[in-house]
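I have placed the structure first, in the form of structure tokens, so that the comments after it can refer back to it.
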Amino acid sequence: MSYLDKIDKAALPKHVAIIMDGNGRWAIQRRMPRLQGHRNAVKAVRACVEASAELGLQVLTLYAFSTENWQRPRKEVSALMDLFFEFLEKELHTMLDNNVRFQLIGNREGLPDFLQNRLSHTLDSTAANTGLLLNLALNYGGRNEMVRAVRRIAESVKKGDLLPENIDESLVSANTYTAGQPDPDLIIRTSGELRLSNFLIWQAAYAEFYFTEVLWPDFTKEDLYKALLEFQHRKRRMGRTTDSGSMTEAANVSHLVSKTEVTSIPEASG
């Protein structure tokens, strides 16, 4: 029986976000240029988009290029911009065939003009679609997003349109790139790294995390199904208790921790 057959279709997460990591290592292991790893990653993107649409997920967010990625070698960055353009051009039919609506999250103005134009075309072409919402995080950083939200709120206060005491969590959320969307229920990171890497730091407050050693170019539909099945086996308390015995359980855990030597987990190498 495959992982797909075991998934409860009535208990799927509304929003899955993926930190697509390991392209460079995938290429290096095969003695290929790093760019080849990025090119091979397109297959994994296509598989996840198709699987998410077929399952009926509401939102899929893919972390493609962070605000910190500009620090990579200029040649690699330039090649990535070309690859993003090529991806949007070639995969538009996949989005249309699967009723996918595309959305960009990140600082669009910081991207090359040719890529901005292609992004606009993709946004317009898929705007009427009613299925999966695909967020592509390009030139995105969680801290940058929060600065942007704070500035927008501060501007409203400055203009007299908003009182400081009326600022709340819902207002902050309304000023993020994902405004109006459900927060991610599940965040997947490939390649074995155990970091959030400045990704959806506001939205991830109650997300479940799933880490896999699989490098992104090798990530398949079956890997996604495995992550979804793991998600369904977890108990999401969202900060709340689930039964009357939880206080006793917490006390027992506290006792065990006090009696157990705790060692730090070494950070995985890049």
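Rule-based calculations on the coordinates, nothing more; no lab input. Remember, it's a predicted structure, so these values are computed and weren't measured experimentally. When we count neighbours, we look across all protein chains shown, and the Cβ atoms used for this are built from the backbone with ideal geometry, even at glycine.
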Number of positions in the range 124-169 that are among the charged types (D, E, K, R), surrounded by 16 or more Cβ atoms within 10 Å (Cβ to Cβ) and farther than 23 Å from Gly110 by Cα: 0
Top-ranked residue of the range 121-143 - restricted to ones that are touching a Leu at 6+ places or on another chain (Cβ under 9 Å) and without any contact (Cβ under 8 Å) to a residue 40 or more places away in the chain, ranked as farthest from Leu55 (Cα to Cα): His121
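Return the residues of the range 40-94 that are of a type in the set (Val, Ile, Thr) and either more than 18 Å from the chain's Cα centre (by Cα) or farther than 24 Å from Glu222 by Cα (or both); say none if nothing qualifies.
Listed by number, the residues that qualify are Thr67, Val77, Thr94.
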Hits in the range 101-123 - residues which are out of contact with any helix residue (DSSP H, G or I) (no Cβ under 6 Å at 6 or more places or on another chain) and buried (at least 18 other Cβ atoms within 10 Å of the Cβ): Gln103, Ile105, Gly106, Leu111, Leu119
Some residue of the range 64-79 being in contact (Cβ under 8 Å) with a residue 24 or more places away in the chain, among the aliphatic types (A, V, I, L, M), assigned to a helix (DSSP H, G or I) and more than 22 Å from Ala227 (Cβ to Cβ): yes
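Which residue out of Asp97, Asp5 is within 21 Å of Thr126 (Cα to Cα), among the acidic types (Asp, Glu) and over 21 Å from the mean Cα position of the chain (by Cα)?
Residue meeting the stated conditions: Asp97.
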Where a residue in the range 32-47 is touching a residue at least 24 places away in the same chain (Cβ under 8 Å) and its partner, wherever it lies, is aromatic (Phe, Trp, Tyr), with Cβ under 6 Å and at least six apart: Gly37/Trp26; Ala41/Trp216; Val42/Phe87; Ala44/Trp216; Ala44/Phe219
Matching residues in the range 153-190 - criterion: being of a type in the set (Lys, Arg) and touching an Asp or Glu at 6+ places or on another chain (Cβ under 9 Å): Arg189
